[in-house]
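Okay, so here's the structure we're looking at.
What follows is calculated from the coordinates using simple rules that are stated; it is not laboratory data. Values in this document were obtained by computation on a predicted structure and should not be read as measured data. Don't worry about glycine lacking a Cβ; one is built from the backbone with ideal geometry, like all the others, and counts go over all protein chains shown.
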Amino acid sequence: MSDARLPPQSLEAERSVLGSMLRDNTIIGEVERSLRTDDFYTDAHRKIFDAILHLFRKGHPVDLVTLANRLEERHEIEDIGRYQYLPEVWDAAPTAANVEYYAKIVQDRSIRRQLITAGNEQIRDAYDGVASGEELLEQAEKRIFAITRYQAGQGAYAAEVVAEERRRLEARIEGRSPAEIHSGFLDLDEKTGGFHDAELTVIGARPSVGKTALGIAFMQNVAVEDRHFVFFASLEQRRTELAERLLCSLSGVDSHKVRLGRMNMDEVRRWSDAEDLVAESPFFIDDTYCQTMLRIAGTARRLKAKNGLRLAIVDYLQLVEPESRKEPRHEQVAGTSRRLKQLARELNIPVIALAQLNRGAEEHEEPRLSDLRESGAIEQDADTVLLLNKPKEVCEAIDIVIAKQRNGPVGSLTLTFRKHCQRFENFAQV
């Protein structure tokens with residue numbers, strides 16, 4: 001696999017970027033937003049770039065004299081070719097007007113080098129024969145994701161931020177905000193405004209309280225009713241079980257009758273109508289056993305690109321396979337929680353993660369944030385935390401405690417839960 005060719009690079013563009021930064025200090029912040037130190041091919045250029053950024057961040061003027069002094073302080077002046085190289089950098093850019101063009105060239109060559117490295121590593125691992133084909137696919141996606149993740153983010157100046165928020169506010173006031181994903185439950189949407197892009201919502205409950213049923217209800221309301229594409233990653237139940245519960249909810253047919261195959265003609269008709277509705281709905285269920293966050297994120301990215309994914313639901317958080325089993329359990333869960341939040345931000349969609357509460361939740365009347373099982377990081381990463389509670393005094397009801405809402409009030413509300421058909425409804429006091 002040896003190749004005598006030089007890796008992709010453009011020393012002229014690198015020098016021109018650095019020279020532009022020296023000539024016009026006002027563009028340094030702009031360059032910093034688009035390039036990282038590792039994007040430069042030569043060690044000399046990386047050190048010059050770092051020195052320029054250091055001076056700029058400290059509020060010092062950046063010119064040939066201050067730059068040379070900084071490099072001398074760090075004992076790096078010899079590494080860059082001594083003082084005579086700095087005038088070459090200065091002369092490479094007679095004007096700073098074209099710095100954006102130069103920076104794009106540097107970034108392009110950097111991406112190509114990273115892809116070559118990732119490809120070579122993938123070829124090496126494939127020849128080694130140690131990892132399985134599925135593991136190799138995961139490794140490949142992880143390497144590509146690492147390249148895209150560390151490219152410079154999409155920033156904005158103050159005026160742009162204000163204008164963007166003004167457009168969002170006007171859309172909300174006028175009732176034309178397609179970006180908002182509503183839960184379908186009036187009281188919940190009133191308190192939270194629905195599910196918001198780039199935000200992680202955690203729904204916690206003890207086993208058999210109804211967290212999966214609520215997740216299916218959200219999929220029903222968002223995909224079946226509102227026709228937004230939903231991805232449901234099920235680590236606990238098979239897709240046929242989820243489909244059965246969804247069809248029971250839509251048709252109102254008793255799930256026990258479905259299990260026994262004892263439906264009357266009217267129930268069969270309602271079931272058939274629900275099947276037709278679900279078959280045309282925009283959602284995707286992945287019930288692969290022992291999924292990792294790498295697989296979940298990869299599937300979500302593909303669905304975003306191909307189908308315009310608008311909501312992802314993971315059932316449930318503590319069952320996601322850790323990427324490293326050597327870490328303590330709380331760190332494994334914390335890693336999953338962080339990746340879910342990163343996924344929401346990366347794809348700019350709401351992500352809902354169902355989670356188990358520990359046994360301590362049964363010892364007090366209302367569940368608390370501290371009841372989230374195995375990791376305090378879950379409550380830190382989540383933008384909103386909803387905790388489910390079964391009140392003893394009301395038969396067909398589930399209380400939802402809004403234990404945390406980063407951008408709104410906390411509180412509680414009640415939903416009706418028709419357990420016989422696995423259906424959540426707006427609560428109506430009898």
Neighbour-count ranking for THR212, THR240 (other C-beta within 10 angstrom, fewest to most) reads THR240, THR212
With Cα coordinates, the longest principal axis of the chain makes an angle with the long axis of helix 64-73, in degrees rounded to 10, of 80 degrees
Protection proxy (average C-beta count within 10 Å per residue), highest first, orders 192-205, 358-371 as 192-205, 358-371
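Which of TYR85, TYR102, TYR127, TYR41 has the fewest other C-beta atoms within 10 Å, and how do the rest follow up to the most?
TYR127, TYR85, TYR41, TYR102
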Relative to the chain, whose Cα atoms define the longest principal axis, helix 329-347 and its Cα axis are tilted in degrees, nearest 10, by 80 degrees
Computed about the Cα centre, the charge dipole of region 177-426 from +1 Lys/Arg and -1 Asp/Glu charges at the Cβ has a magnitude in debye, to the nearest 20, of 680 debye
The exposure ranking of VAL99, VAL278, fewest beta-carbon neighbours within 10 Å first, is VAL278, VAL99
Along the dipole axis of the chain (charges at Cβ: +1 for Lys and Arg, -1 for Asp and Glu; origin at the Cα centre), the most positive-end residue among SER10, HIS196, THR292 is THR292
Within region 177-426, the percent of DSSP beta bridges that are antiparallel, given to the nearest 5, stands at 45 percent
The extension gain from ALA97 to GLU73, computed as 0.36 nm times the residue separation minus the Cα-Cα distance, is 5.6 nm
Checked against the positive end of the charge dipole of the chain (+1 on Cβ of Lys and Arg, -1 on Cβ of Asp and Glu, about the Cα centre), the farthest of MET265, CYS248, ALA397 is MET265
Charge dipole of the chain built from unit charges on the beta carbon (Lys, Arg +1; Asp, Glu -1), centred at mean Cα; most positive-end Cα among ILE378, PRO367, ILE111 is PRO367
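Quote the charge dipole size of the chain about the Cα centre in Debye, to the nearest 20; the model charges only the Cβ of Lys and Arg (+1) and of Asp and Glu (-1).
Working: 60 positive and 71 negative charges, 79 e Å.
Charge dipole, the chain, about its Cα centre: 380 debye, nearest 20.
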Expected unfolding gain across TYR83-GLU236 under the 0.36 nm per residue rule, minus the alpha-carbon gap, is 48.7 nm
Everything considered on the Cα gyration tensor (a ≥ b ≥ c; rounded for a/c under 1.5, else prolate if a/b is larger than b/c, else oblate), region 321-411 must be described as oblate
Checking rank on 382-388, 334-340, with mean other Cβ inside 10 Å and highest first, the result is 382-388, 334-340
Mean-square fluctuation maximum in Gaussian network of the chain, Cα pairs under 10 Å, restricted to ALA118, ALA163, ALA96, hits ALA163
Taking every DSSP bridge whose two residues both lie in the chain, the antiparallel percent to the nearest 5 is 45 percent
Taking 0.36 nm per residue of separation between LEU6 and GLU323 and subtracting their Cα-Cα distance, the length gained on full extension comes to 110.7 nm
In a Gaussian network model of the chain with springs linking alpha carbons closer than 10 Å, the residue among GLN291, GLN122, GLN220 that fluctuates most is GLN122
For the chain, the longest principal axis of the Cα atoms and the Cα long axis of helix 293-307 enclose an angle in degrees, to the nearest 10, of 90 degrees
